[in-house]
Amino acid sequence: MEEQEIIAKVRKCVATALGRDEDEVQLESVLSRDLEAESIDYLDITFQLEREFGISIQKDELFPQKIFQDETLVKDGVVTEKGLEYLQEKMPYVELDSFREDPKVTKVPELFTVNLLVNFVKSKVAA
Amino acid sequence: MSGYVFVDRIVENQPGERVVALKALAFNEEFFRDHFPGMPVLPGAMILEGFVQAARECLAAREGGHDRWTLDEVAGMRFNRFAAPGEVLQLEADLDKEEDGVIWFKGKASVDGTGVCRLRFALKVYDPNERAAS
Amino acid sequence: MRYVLVDRFLEIEAGSRARAVKCVTRGEEFLGDLPHYPSALVLESLLQTGGALTRAGAGPRRMSVLGKVNRASFAGHAQPGDRIDLEVSVALSRPEGTLCEGVATVEGREVGRAEFMIVLLPPEMTPPPDAERDAYRGLLARALGLESALDNGHGGLGSGALPEENA
């Protein structure tokens with residue numbers, strides 16, 4: 001599948017899940033901050049992507065929820081070294097350098113952009 | 001049309017534009033016994049029915065308007081938190097567009113300013129002979 | 001009005017698909033002088049079928065809540081004396097919940113359809129087995145002088161309508 005087709009379909013999935021027009025859904029859009037995605041939306045987006053691309057997404061594979069739940073990955077609101085390893089392992093296609101400079105757990109949702117979804121789908125479809 | 005009345009009070013009605021209604025939630029209401037036993041919370045489908053009834057009032061108040069509207073479609077009904085006995089639910093419906101006899105509203109339900117539910121829904125004229133398109 | 005809006009399951013493949021029915025009768029309070037059965041309640045019957053189906057696939061006494069109604073549409077109405085046939089299937093399933101699709105018909109005539117998400121509450125929130133819960137409810141009812149109002153002990157959806165309650 002060509003990249004342009006993947007991008008178009010991912011934007012459609014996100015727009016459907018969030019009840020928005022497709023032109024509101026840009027590659028740089030941060031799901032939580034720009035598109036007001038809530039926890040149910042992350043589940044919906046997962047379903048929409050599975051259905052659209054015929055892929056199977058394991059628990060925590062796309063949105064690594066454990067970072068918000070596991071005490072060894074976060075200390076005093078800051079993601080630990082173990083937590084950073086966990087994030088990098090779960091999201092190998094994400095560049096974490098700028099996040100590492102200020103690794104607050106509250107800023108993790110800012111990593112979840114439409115572009116991240118595109119890269120995720122690309123890695124799944126290529127596999 | 002009446003039957004089960006979900007709306008207690010209309011606090012604002014701009015005919016054909018916007019309506020704000022209230023529904024007070026009482027522990028005594030029978031449906032709470034089943035939803036859920038030991039944890040009474042307002043069912044989403046009842047919030048939807050509340051929106052339908054409130055929007056009906058908004059359209060009935062229009063010049064030459066009527067109240068024979070029924071639910072046509074729902075899109076993206078999402079929940080933020082539960083509403084529970086002891087709270088007063090506020091339903092706000094704003095008319096979004098009107099096309100071919102189908103009227104879309106944007107709805108927002110809240111308790112004390114905190115969002116409970118958001119959705120878009122459409123009403124159409126009640127037709128006792130209506131059949132689904134095959 | 002009570003809120004158990006599925007009368008009986010005809011067929012259930014846990015976590016996969018189910019057929020159930022809901023009878024529409026003047027005996028139910030909400031009809032009053034309505035010329036038709038409210039479509040929002042047709043939706044609820046589909047949601048309850050999907051919820052039961054999802055819980056049955058997840059394990060004993062797991063709890064669920066409605067996550068989202070993605071879309072729903074209605075055409076025509078059910079009338080007193082009708083039996084609504086409900087068919088719901090799980091389109092996608094995850095540990096967190098399911099995406100369900102359901103259709104409601106009356107004598108083959110579609111009256112409603114919906115796509116919705118059922119969210120499973122985490123396993124830690126599963127309540128204790130029936131015996132303890134019933135004993136606790138009995139104790140509470142006696143303390144409040146409500147023994148006569150205590151139902152037959154079946155909470156949730158239906159008395160014996162659900163396969164897991166028959167098990």
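The values are calculated or read from the model by the stated rules, or taken from the named source; none is laboratory data. The model shown is predicted, which means the values in this text are computed figures rather than measured ones. Neighbour counts run over all protein chains shown; Cβ positions are idealised from the backbone, glycine included.
When C:Phe30 is tested against (1) at pLDDT 90 or above; (2) within 11 Å of chain B (Cβ to nearest Cβ); (3) assigned to a helix (DSSP H, G or I), just one condition goes unmet, and that condition is (1).
Could you please let me know if B:Asp127 is among the acidic types (Asp, Glu) and in contact with a strand residue (DSSP E or B) (Cβ under 6 Å, 6 or more places away or on another chain)? So B:Asp127 fails the test. Note on the range C:34-43: among residues that are without any contact (Cβ under 8 Å) to a residue 40 or more places away in the chain and part of a helix (DSSP H, G or I), the one that is nearest to the chain's Cα centre (by Cα) is C:Leu41.
Would you be able to say whether some residue in the range C:112-127 is farther than 16 Å from C:Leu5 by Cβ, touching a Pro at 6+ places or on another chain (Cβ under 8 Å) and crowded, with 17+ Cβ neighbours inside 10 Å? Yes, there is a match, as at least one residue in the range C:112-127 is farther than 16 Å from C:Leu5 by Cβ, touching a Pro at 6+ places or on another chain (Cβ under 8 Å) and crowded, with 17+ Cβ neighbours inside 10 Å.
When the residues of the range A:83-127 are filtered to those that are part of a loop (DSSP other than H, G, I, E, B) and of a type in the set (A, V, I, L, M), which remaining residue is modelled with the lowest pLDDT? Among those residues, the one meeting the criterion is A:Ala127.
Does B:Gly38 satisfy the criteria of being part of a loop (DSSP other than H, G, I, E, B) and touching a residue at least 60 places away in the same chain (Cβ under 8 Å)? No: the conditions fail for B:Gly38. Among the residues here, C:Arg133 does not qualify as buried (at least 16 other Cβ atoms within 10 Å of the Cβ), of a type outside the set (Ser, Thr, Tyr), out of contact with any Leu (no Cβ under 9 Å at 6 or more places or on another chain) and modelled with pLDDT of 95 or more. Pairs meeting the criteria (first residue in the range B:1-13 and more than 14 Å from chain C (Cβ to nearest Cβ) and farther than 21 Å from B:Ala45 by Cβ, second residue at pLDDT 95 or above and surrounded by fewer than 14 Cβ atoms within 10 Å (Cβ to Cβ), beta carbons under 6 Å, at least 6 apart or on different chains) are lacking.
Table: residues versus (1) of a type in the set (D, E, K, R); (2) surrounded by fewer than 23 Cβ atoms within 10 Å (Cβ to Cβ); (3) at pLDDT below 95; (4) closer than 20 Å to C:Val65 by Cβ.
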{"position": "B:Phe51", "(1), (2), (3), (4)": "no, no, no, yes"}
{"position": "B:Ala55", "(1), (2), (3), (4)": "no, no, no, no"}
{"position": "B:His66", "(1), (2), (3), (4)": "no, yes, yes, no"}
{"position": "B:Val88", "(1), (2), (3), (4)": "no, yes, no, no"}
{"position": "B:Leu91", "(1), (2), (3), (4)": "no, no, no, no"}
{"position": "B:Leu95", "(1), (2), (3), (4)": "no, yes, no, no"}
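With respect to (1) under 20 Å from C:Met1 (Cα atoms); (2) crowded, with 21+ Cβ neighbours inside 10 Å; (3) away from chain C (no Cβ under 13 Å); (4) not polar (S, T, N, Q), the lone exception for B:Ala45 is condition (3).
Any chance the range C:48-61 includes a residue that's buried (at least 20 other Cβ atoms within 10 Å of the Cβ), outside any strand (DSSP E or B) and within 10 Å of chain B (Cβ to nearest Cβ)? Yes, that holds for at least one residue. I'd like to check something: does the range A:19-39 contain any residue that is more than 13 Å from chain B (Cβ to nearest Cβ), in contact (Cβ under 8 Å) with a residue 40 or more places away in the chain, surrounded by 13 or more Cβ atoms within 10 Å (Cβ to Cβ) and hydroxyl-bearing (Ser, Thr, Tyr)? There is at least one residue in the range A:19-39 that is more than 13 Å from chain B (Cβ to nearest Cβ), in contact (Cβ under 8 Å) with a residue 40 or more places away in the chain, surrounded by 13 or more Cβ atoms within 10 Å (Cβ to Cβ) and hydroxyl-bearing (Ser, Thr, Tyr).
Residues that are over 25 Å from C:Val42 (Cβ atoms) and in contact (Cβ under 8 Å) with a residue 40 or more places away in the chain number at least 3 in none of the strands (runs of 3 or more DSSP E) confined to the range C:67-136.
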